[in-house]
Amino acid sequence: MSTSTNTTVEIFDRWLRVPFRQTSGDHEDHGDFHFRWLRHQCDQDRHPQTGERVVDSPDIPADVRPVEACLEGDALVIRWAREERTSRFPLPFLQAHAYGRNRAGAPPPPSEVSAVTLQRGTEEGGDGAIEQAVQDALTTLDRHGVAVVRRPRAGSGQRPPEEETDAIIAAFSARGLRVIPTHFGVIEDLRLDNTTNANTDQLGYTNAAIDLHTDQPFLPEPPRLQLLQNIRSATYGGENYLVDGLAAARHLQSVDRRAFELLTSVPVRFHRRQKAFESLVVAPILDFSGATFRIRSSYFTMDPYDRPFDEMEDWYRAYDRFAELVRHRGHQLRVTLEPGDFLVYDNHRMLHARTGFRGPRWVRGIYFDREESVK
Ligand SMILES: [Fe+2]
C-alpha cells in the first residue's frame with residue numbers, strides 16, 4: 001500500500017498534469033487537461049438558479065492560462081492569469097472526465113544547459129586540450145544535438161581566441177569531419193564591420209535579433225554541423241539559444257497529432273535569393289523519411305505558403321503550434337558564450353537563434369559535414 005508519490009501539479013505550455021490520489025500499487029496515476037478545457041468547465045460560469053452554463057468556448061480568451069495551480073484537499077485549484085478568477089475542480093469530477101489519463105507522451109525539449117556543457121582543459125604547449133575537448137564535444141553532440149565548450153578563464157600565455165580557430169578546425173577534421181565552404185566563404189566572421197566574407201547581405205552580419213531557425217534549408221543538403229566560436233562579446237545582448245527540434249517534433253506528435261502530420265507531410269518552399277546567389281528547395285519542415293531526422297525551418301527564407309483555400313487555416317494553426325512550442329523559454333537551451341568558448345550543434349536536428357546586441361560582438365562560424373548517423 002502506498003500513498004500518492006507526486007502531489008505537485010505540473011504546468012506545461014498549454015496543459016497541466018494533475019496527480020490523482022493512489023489507493024494501491026506504486027504506479028503513477030495522473031490526468032492531463034488543457035488550460036482551455038479547464039477554463040471552459042469553470043463552475044462559476046453557471047446560472048445561480050438553473051445551473052446551466054452561461055459562457056461558451058469562444059468567449060474564453062485564446063491564450064487562457066493559469067498563474068498558479070495546486071491541489072487543495074480533494075480539489076484542483078487554479079488561479080487564472082489576467083482574470084480575477086479562481087476555479088476549483090473536485091478530483092472526482094476530473095477523474096470522471098480524464099480524457100488524458102496516464103498518457104505516455106514524449107517530454108518537451110530540454111532546457112538544462114549543464115547537460116551539454118564541457119570545460120576545456122588548460123593548454124600546456126600544443127593543442128591537446130582542444131583536441132580532447134572536440135572529441136568530448138562530439139560525444140555530447142551525438143547524444144544531445146549540441147555541445148558547449150568553455151575555455152579556461154583568462155590565464156597568462158593564453159592566445160587570443162582568433163588564434164585558436166585553426167586548431168579547433170584541425171581537431172574537428174582529425175575526427176573525420178569535413179569543412180564545408182559556403183557562399184559566404186570558409187570561416188564566417190559574424191560581426192558588423194565584416195570585410196572577410198562574400199554575400200554578407202543577410203541578418204547574420206547585422207546586430208539584429210535572429211529568431212529560431214536552421215541554417216541553409218534552401219540547400220538540398222544543408223551543412224550538418226555548425227561551430228560557433230566567440231571571439232569578442234557584445235556589451236549588451238548577443239545570447240545564443242537552441243532548441244532540440246527532434247524532441248520538439250516528438251513532443252508535438254504526442255500533444256497535437258494533426259499538427260505533426262501536417263509538418264511532416266506538407267512541402268514548403270525554402271528560397272534564398274541574394275545579389276549573387278540563389279537556391280530553392282521544396283521539402284517538409286519535419287522530415288522522418290530518411291535514415292536520420294532532419295528539420296528545416298527558416299522564417300526569413302520561406303516563400304509564401306501554397307495550400308488549398310480550405311486547408312490554409314489548418315496549416316497556419318499547425319505551423320504556429322510548432323513555433324509556439326519552440327519559442328517557449330522553458331524548452332530552450334540559453335547560452336552566453338565568453339571569448340574563446342565555442343558551441344557546435346547538429347543543424348539537421350537543432351534550431352538556433354541569437355538575441356539582438358550592441359557592441360563589438362564577433363562570432364566565427366564554420367560548417368562541417370559528417371557522414372555517420374547521429375540519430
Ligand atoms: Fe543561423
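Residues of region 43-82 with backbone nitrogen within less than 14 Å of a virtual label 7 Å along the Cα-to-Cβ line of ARG21, please, listed as ranges. The answer is 71-76. In region 1-132, the portion of solvent-accessible area held by carbon and sulfur atoms comes to 49 percent [1.4 Å probe, whole percent, DNA, RNA and ligands not counted].
Under the combined filter of DSSP loop state and at most 15 neighbouring Cβ atoms within 10 Å, region 23-114 retains these trypsin sites (Lys or Arg not before Pro): ARG82, ARG85, ARG103.
Within the accessible surface of region 210-331, defined with a 1.4 Å probe on protein heavy atoms only, the carbon and sulfur portion equals 49 percent. Which residues in region 333-372 have a backbone N closer than 16 Å to a point placed 7 Å from the Cα of THR206 along the Cα-to-Cβ line? Of the residues in region 333-372, 354-359 have backbone N under 16 Å from the label point off THR206. The simple spin-label model puts a point 7 Å past each Cα toward its Cβ; for ARG258 and ASP306 those points are separated by 2.5 nm. Loop sites here are chymotrypsin sites (Phe, Trp or Tyr not before Pro) outside DSSP states H, G, I, E and B with no more than 16 other Cβ atoms within 10 Å. The longest part of the chain free of them is 100-287.
When the helices of the chain are scored as -39500 (n - 2.57) per DSSP H run of n ≥ 4 and the total is divided over every residue, the value at 222 nm lands at -6500 deg cm²/dmol.
Loop only by DSSP, 10 or fewer other Cβ within 10 Å of the Cβ. Give me the GluC sites (Glu not before Pro) in region 112-173 that pass, ordered by residue number. Write out the running numbers ahead of the final one.
Numbers: sites: GLU112, GLU123, GLU124, GLU131, GLU162, GLU163, GLU164; in loops: GLU112, GLU123, GLU124, GLU164.
Of the GluC sites (Glu not before Pro), the ones in loops of region 112-173 whose Cβ has at most 10 other Cβ atoms within 10 Å are GLU112, GLU124.
How much FRET efficiency would the formula 1/(1 + (r/R0)^6) give for GLN41 and GLU324, where r is the Cβ-Cβ distance and R0 is 22 Å, rounded to 0.05?
Numbers: r = 23 Å, r/R0 = 1.05.
FRET efficiency, GLN41 to GLU324: 0.45.
The residues of region 153-289 present an accessible area of 45 Å² per residue when probed at 1.4 Å with all protein chains retained.
The values are calculated or read from the model by the stated rules, or taken from the named source; none is laboratory data. Because the structure is a prediction, the values reported are computed rather than measured. Quick reminder, even Gly has a Cβ in these numbers, built from the backbone with ideal geometry, and neighbours come from all protein chains shown. Each accessible area value is taken on the protein alone, full model and side chains, heavy atoms only, with ligands, DNA and RNA left out. Shrake-Rupley method; radii C 1.70, N 1.55, O 1.52, S 1.80 Å.
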